[in-house]
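Step one of this worksheet: look at the structure below.
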Amino acid sequence: MNVTLAVKQYISKMIENSGPGMKVLLMDRETTSIVSVVYTQSEILQKEVYLFERIDSQNRDSMKHLKAICFLRPTKENVEHLIQELRRPKYSVYFIYFSNVISKSEIKALAEADEQEVVAEVQEFYGDFIAVNPHLFSLNLQGVSRGRSWEPSMLSRCTQGLTSVLLALKKCPMIRYQLSSDMSKRLAESVKQIITKEYELFDFRKTEVPPLLLILDRSDDAITPLLNQWTYQAMVHELLGLNNNRIDLSRVPGINKDLREVVLSAENDEFYANNLYLNFGEIGTNIKNLMEDFQKKRPKGQQKLESITDMKAFVDNYPQFKKMSGTVSKHVTVVGELSRLVSERQLMEVSEVEQELACQNDHSSAQQSVRRLLQNPRLSELDAVRLVMLYALRYERHSSSILPSLMDELSRKGVSERHRRMVQSVVEYGGKRVRGSDLITPTDAVAITKQFFKGLKGVENVYTQHQPLLHDTLDQLIKGRLKDSQFPYLGPSSLRDRPQDIIVFMIGGAMYEEALTVYNLNRSTPGVRIVLGGSSIHNTKSFLEEVMSATSHSSDRPQGSGRHFNRR
């Protein structure tokens, strides 16, 4: 069960099917992202694809010496663009691949437009999702709900994305969903409807234990998206923002122009692949080891690499090193910027209190810690608000709750009204009234485990106690203890054996911390293969946008974002 491999194989097959000769790859906005996440441009160039174009681009030149491979989502807009293209073809021959099921009437319309008989092939290749990691996929959708109901276009897109994943992985699953979420039930029914309608496509070889699709709702665990992260991929997304494997570093002080945008892809970057799930201290040590290996080859100017600042200076002083090792200069820059933000925003101190709020049950200690931090002038607005949100979720119904007083503290601190209103929105989105599961366990016996990072100055110990709710849900599922009363099966049948192939979909967006949980469960549970997907992959900022579009404060969205959740 490898979603990256599934999409790569589809794209390779498309290119192979078109035979030898120079080719152009015609895509739309979404399929451009789908392809770019699994293949680099240079890899595709080696397969004789010399041009990449958008189907909606108006000013494409006619190039009759090129074959066109069209990889498009089966939307009305794309079909219309294709009809116009086939009436006045710019290329010699067209191989058309839709990323999902297309209707017979649309195929007929394309056939009628192909008067010059330039279409060699029309096929469905089910790569209608972004394969982020081998066990993680996203649909890149923001704002899927209105209140506790689906935004209608989003239900349809999530159904298409999810059925495409099932077809790509060749799975016809039994379906379980979260009972407390009407959205989960609606999506489960919608996916089941497609499986029934397209039964021939889902007619895969039966396995002894049927695969399982588990549909969950983000609102059941609003705590995980509010926590700072300390593993590489999760931390990069939280602090810098990962968008289809790209990071925008243009705002980094003194950034080299070659590094203003960098790509982090485990498929093409060995260091990143090896360090994806390691914590910040280990990554610093690994970069230090890499640099020291290089230094050994240069007897002159020996210098000790004690901190991330030393490493940056080292890279800047060796242009030939930068030339030889673009990968290392990229990671030193990224880790250097993470380190700067950790120190500037005092994230270790913030994270310690976040972990205490998420995992402990000592109200008097928690309120003191939050008050103490809110008085710190270096605390950023986002960090101040997320601490109060975590407190509000954790001690929502505590008899001695000091939430009103913390809200006053935010006001005194100069936190914007928009951010202050988000506190109530988060409780409305993921508070006790909404949750179907026991997110917050009433015990205070959870031991605090400090992880000591050694070997790199400037990186001390950090709390990493928190486990997302998904960990418990999957653990119970694998052990056969997940309650049918909370996660019913759709339809009359149920699984008697331990599930082997599990596809989890998180409505409202998954987190990289949850992807780490799935990665660890895959490694520690032989015979069980889990893939996690979400309507998007969130960091705290994008999660709060999701919350704001779901709750009634939709008029208070940031400027420029409009009603972006209506876009397909």
Problem set entry | Of (1) 91, 76, 46; (2) 73, 56, 53; (3) 76, 71, 48, the label for Cα extents along the principal axes in Å derived from the coordinates | (3)
Seminar exercise, completed: Sorted on mean Cβ neighbours within 10 Å (highest first), peptides 50-63, 121-134 come out as 121-134, 50-63
For this session: May I ask you to list the GluC sites (Glu not before Pro) in the stretch 157-262 that are in a DSSP loop and have at most 10 other Cβ atoms within 10 Å of their Cβ?
Result: Glu200, Glu208
For this session: Arrange the residues Arg186, Arg157, Arg397 by how much accessible surface each exposes, largest first, with a 1.4 angstrom probe.
Result: Arg397, Arg186, Arg157
Exercise. Any idea what Rg and Dmax come out to for the stretch 3-126 if you just take the C-alpha atoms, in Å?
Worked result: 13.4, 37
Problem set entry | Distance histogram for the stretch 350-430 (every C-alpha pair counted, 5 angstrom bins, percent rounded to whole numbers) | 3, 16, 32, 27, 18, 5, 0
Exercise. Rounded to the nearest 5, what is the percent of antiparallel bridges among the DSSP beta bridges in the chain?
Worked result: 25
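Let me have the relative contact order for the stretch 9-125, percent, based on Cα pairs under 8 Å that are six or more residues apart. All intermediate terms of the calculation are to be shown ahead of the outcome.
Details: 179 pairs, mean separation 31.5, N = 117.
The value is 27 percent.
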Exercise. How big is the accessible area of Tyr519 in square angstrom, nearest 10, if you roll a 1.4 angstrom probe over the protein chains?
Worked result: 70
Exercise. Got a number for carbon plus sulfur as a percent of the chain's accessible area, 1.4 Å probe?
Worked result: 47
Exercise. Taking a probe of 1.4 Å, how large is the accessible area per residue of the chain, in Å²?
Worked result: 45
Exercise. Once the whole set of protein chains is in place, how much accessible area is left on His538, using a 1.4 Å probe, in Å² to the nearest 10?
Worked result: 0
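The values are calculated or read from the model by the stated rules, or taken from the named source; none is laboratory data. This structure is a prediction, so every number in the text was calculated from the model and none was measured. Heads up, the Cβs are rebuilt from the backbone with ideal geometry, glycines too, and the neighbour counts pull from every protein chain shown. SASA here: full protein model, heavy atoms, side chains in, ligands and nucleic acids out. Shrake-Rupley method; radii C 1.70, N 1.55, O 1.52, S 1.80 Å.
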